[in-house]
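Rule-based calculations on the coordinates, nothing more; no lab input. Just so we're clear, the structure is a prediction, and the values are computed from it rather than from any experiment. A quick note on method: Cβ atoms are made from the backbone with ideal geometry, for glycine too, and the neighbour counts reach across all protein chains shown.
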Amino acid sequence: MLDFNRVWFPYIYLYGVGGGIFLIGMFVILRSKSLKLEIARHKEWFHILVFGILFYMGIHAFFTFTALGEMVFASLIALIIIALAINLIFILFIKPKGIK
């Protein structure tokens, strides 16, 4: 049986360090006004970037739980990933009237 150290420490390290670097990068981008959330296209890219890291974290967790035989948690994560993807599709393709 795989213990916590072999299964979850790599996940925590990968997304702790990588997520920290991602957050620092997003902070720098937003503070330097390279990504202006007032502009619709920039807001779309912000959502894509956040979705991207959450998607990879979710896929990694999904397959980890599946490999451990924890199908309830794996199914829950799969539903969350699907919900995030549907939300991103609505954000990108279904815009309110008056916004191009």
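In the set (1) exposed (fewer than 14 other Cβ atoms within 10 Å of the Cβ); (2) within 18 Å of the chain's Cα centre (by Cα), the condition left unmet by Ala74 is number (1). Out of the range 46-100, which residues are over 18 Å from Phe9 (Cα atoms) and hydroxyl-bearing (Ser, Thr, Tyr)? The answer is Ser75, and nothing else.
Here is a list: Leu37, Leu2. Which entry is touching a residue at least 60 places away in the same chain (Cβ under 8 Å) and of a type outside the set (Lys, Arg)? Can you show your working first?
Details: Leu37 fails: touching a residue at least 60 places away in the same chain (Cβ under 8 Å).
Matching residue, one of Leu37, Leu2: Leu2.
Among the residues making up the range 8-39, a single one is among the small types (Gly, Ala, Ser), under 23 Å from Leu92 (Cβ atoms) and exposed (fewer than 11 other Cβ atoms within 10 Å of the Cβ): Ser34. Ala40 falls short of the stated requirement of being under 14 Å from the mean Cα position of the chain (by Cα) and of a type outside the set (Ser, Thr, Tyr).
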